[in-house]
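The values are calculated or read from the model by the stated rules, or taken from the named source; none is laboratory data. Just so you know, these numbers come straight off a predicted model, no measurement behind them. Cβ coordinates were reconstructed from backbone atoms using ideal geometry, including for glycine residues, and neighbour counts include every protein chain displayed. With ligands, DNA and RNA removed, areas are computed over all heavy atoms of the protein, side chains included. Shrake-Rupley method; radii C 1.70, N 1.55, O 1.52, S 1.80 Å.
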2 protein chains.
Amino acid sequence: MRAARYYDQEDIRIEDVPDPVPGLGEVLIRVAYNGICGTDVHEYYSGPAWVPTDVHPRTGVSRPVILGHEFSGTVEAIGEGAQNVSIGDRVCVETVYPCESCERCTAGMPNLCTTFAVHGLSGPGGGLSELTVVKDSMVHRLPDNVSLELGALVEPMAVTTHAISRAEVVRESSVVIFGAGPIGIGTFLGLRARGVTNIVVVEPSPQRRVAIAHLGATVIIDPSGGDIDERVRAHTGGDGADVAFECAGVAASLADACSSVRARGKVVIVATYETDPPLPATALLLNEIEVVGCLAYAGNDFPETIALMAKGGYDVTGWVSHIDLEDLIGSGIEALRAGRAMKILVDLARG
Amino acid sequence: MRAARYYDQEDIRIEDVPDPVPGLGEVLIRVAYNGICGTDVHEYYSGPAWVPTDVHPRTGVSRPVILGHEFSGTVEAIGEGAQNVSIGDRVCVETVYPCESCERCTAGMPNLCTTFAVHGLSGPGGGLSELTVVKDSMVHRLPDNVSLELGALVEPMAVTTHAISRAEVVRESSVVIFGAGPIGIGTFLGLRARGVTNIVVVEPSPQRRVAIAHLGATVIIDPSGGDIDERVRAHTGGDGADVAFECAGVAASLADACSSVRARGKVVIVATYETDPPLPATALLLNEIEVVGCLAYAGNDFPETIALMAKGGYDVTGWVSHIDLEDLIGSGIEALRAGRAMKILVDLARG
């Protein structure tokens, strides 16, 4: 089969590899779509980071690794003992896999497992290949009215579901989202699907402002106009937003997020940073805010995301585009880096 | 009367000023002791910051201002309508005073009032004077078994009481305190008074390690030995402390605090920083920790602190020293800056 394998920084090769075979408790999936994540872009230009530099301590995986951790597909074969799905099922996959035995895993925080691996970064396969084998327990069946295209988005959208649950948002909450990339969009759609209506979006790119407006955002601020905290306050009530989601990953957004929330408000960091941003200590203290970290997904995040998709809460219009596997570098990774696309799905069946 | 007045950076003068007279709802206090706060030291060397550069928007106060916001004394006279205390009462004073009418004040967060003033920084008087006039509602009577010396420490100790309440610490919590200056000591004594026993202290100064050991700390780490998070973990359980209190105000301590807490642990920032420290984003995300800001005190913090003092929870041995008002600069502010003292009380009755 064809697969995209990561060898090193700026060295990803599309090549032929042997078809994988499902073992005990495993299933073989014929991949339909695999989304390219910002992490993949980072790995290409400045990795390996999540890809093992040497050997992954738990999976024993070393480079080259097959990339791709956001995918959907159809069950093609089932290994002995796998009972979660049937051949022909349309599925998506939890690609963060924990050890299931450490203190954090047993305490319900598998996403914080200190030895977790990611299928498509440090696992034995990935979604950027025609076929891939995963553990039965990682697979979720898609309802009939959730397309395989949306199915490939369950993984990144589950990240935002997790962030929303960490934020303890309620329907009446006022919220500001910094950054309208895929994670900002997912946060917006996830909040709206939960009935939250008081949402402000802050995004400098005109193209992204248009995209999120098309998805239903009504209050969208261009930060280049300055006075962001004042403009957020004008929409969220006198003292600022209850919660800010930092989905931009830049120091200025973190500073604005800390200035835009109310007294004892929360700033939830969903983004990652290339270098540690300054902590806006004065805003943190004078307003007694909380800065909350979150990572990946756990517990009910996947089923909840799929259920909201089945209810029509997610829409791919205007921010999701498609490419072939053979065009991964130029039309995929380079296009994302250059800002020419927002979320790219690699169409594995089209190749 | 004699008073210490702040004119400008490195210009504090001990001089004669007219005795204040209590007005409606006010009381006149003969000051016994006034503690020198780190804020006073900052104001002297790099202010004015909390002292108004021009005119305080609410109090209308401008320089020179009488300094001193940590004090105890005896009620000398009572203005019309003041009913909270009687002449001769031994008292301490809440020196942060809010507007009492804004959204934050009415929501029970007077410490976050956006126009609050501080008696002794931006108010009409301060504790570094023989007499001072304050609002009746700011005054708390000291129980018979709480000395005037301890009374002058209620204000800074209430800051730590507030931080402990923000941290939602319970008796079984494991805690690490970064910094064993007055705020770190207050946090330690406050936690111990609440029955918390699993406390690790991290402090680079040998003198401060000795002082907090004398007060009863049993696990004290010298950070110069490195591997701080591992050494904290050895005492707090496998995954790290439930809560870290950052009382040091340096970037390295914030980084170590974020590495020393368990998954979903809290880092409570009690210190202030000269410049914004880097946010340890990787630790924040991989462990889903919360960084919590806190400021001053509110609600029940003063009465709770006084009650714990009455139960014997606080001890001034080994970290509190005394000077005369006339020696404020050399023996007070300069000594604190040079690390020659930890908490200095100015003895106003001794002058």
- Message: Residues of segment A:282-301 that become at least 30 Å² less accessible with every protein chain present than in their own chain isolated, using 1.4 Å: which are they?
- Response: A:284, A:285, A:286, A:288, A:290, A:291, A:293, A:295
- Query: Long-range amide H contacts for residue A:295: which residues qualify at under 5 Å (H placed 1.01 Å from N, peptide plane, sequence gap of 5 or more or a different chain)?
  - Reply: none
- Pairwise centroid distance, computed over Cα atoms, of segment A:67-136 with segment B:230-273, Å: 33 Å
- Shielding by partners for A:256-263, please: the mean number of other protein chain Cβ atoms within 10 Å of each residue's Cβ. 2
- Message: Per DSSP helix of 4 or more residues, -39500 (n - 2.57); summed, then divided by the residues of chain B. What does that give at 222 nm, rounded to the nearest 500?
- Response: -7000 deg cm²/dmol
- Which of the lysines could a cross-linker bridge to residue A:311, judged by Cα under 26 Å and excluding same-chain residues fewer than eight apart? A:343
- Describe numerically, in nm with one decimal, the distance between label points set 7 Å from Cα along Cα→Cβ at residue A:46 and at residue A:172. 4.2 nm
- Burial order of peptide ranges B:132-140, B:22-30 (average beta-carbon count within 10 Å, highest first): B:132-140, B:22-30
- For chain B, Rg(Cα) over 2.2 N^0.38 Å is 0.98
- What average number of partner chain Cβ atoms lie no more than 10 Å from the Cβ of the residues making up A:103-109? 3
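Please give the FRET efficiency for residue B:30 paired with residue B:99, using the beta carbon to beta carbon distance and R0 = 25 Å, rounded to the nearest 0.05.
Efficiency for this residue pair is about 0.35.
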- Message: Whole-Hz ³J(HN,Hα) for each residue in segment B:303-317, computed from phi via Karplus 6.51 cos²θ - 1.76 cosθ + 1.60 with θ = phi - 60°, x for glycine and proline: what do you get?
- Response: x, 5, 5, 4, 5, 5, 5, 5, 8, x, x, 10, 9, 8, 5
- Task: May I ask you to give the solvent-accessible area per residue for the protein assembly as shown, in square angstrom, as obtained with a 1.4 angstrom probe?
- Result: 37 Å²
- Message: Let me make sure I get this right: for segment B:84-196, a, b and c are the square roots of the gyration tensor eigenvalues over alpha carbons, sorted descending. Under 1.5 in a/c it's rounded, otherwise prolate if a/b > b/c, else oblate. Which is it?
- Response: oblate
- Peptide-level mean, for A:274-280, of C-beta atoms on other protein chains within 10 Å: 6
- Roughly to the nearest percent, how much of the accessible area of the protein assembly as shown is carbon and sulfur, given a 1.4 Å probe? 48 percent
- For residue A:80 and residue A:327, extending 7 Å from Cα along the Cα-Cβ vector and measuring point to point gives, in nm, a value of 4.4 nm
- Task: Averaged over every viewing direction, what's the projected area of the C-alpha convex hull for segment B:164-322? Give it in nm², one decimal, please.
- Result: 9.4 nm²
- Kirkwood Rh and Cα Rg combined as Rg over Rh, evaluated for the protein assembly as shown: 1.06
- Task: Please sort by residue number the GluC sites (Glu not before Pro) in segment A:122-196 whose DSSP state is loop and whose Cβ has at most 10 other Cβ atoms within 10 Å.
- Result: A:172
- Message: Roughly how far apart, in whole Å, are the Cα centres of segment A:2-59 and segment A:298-351?
- Response: 17 Å
- Query: Tell me, what HN-Hα J-couplings in whole Hz come from the Karplus equation 6.51 cos²θ - 1.76 cosθ + 1.60 at θ = phi - 60° for each residue of segment A:186-197, using x for Gly and Pro?
  - Reply: x, 5, 4, 5, x, 5, 4, 5, 8, x, 6, 10
- Task: For helix B:251-260, report the angle its Cα long axis makes with the longest principal axis of the Cα atoms of chain B; keep it between 0 and 90° and round to the nearest 10°.
- Result: 50 degrees
- Item | Accessible surface buried upon B-A contact (total; probe 1.4 Å; Å², nearest 100) | 3100 Å²
- For chain A, built as a Gaussian network whose Cα springs stay under 10 Å, the top-fluctuating residue of A:107, A:244, A:163: A:107
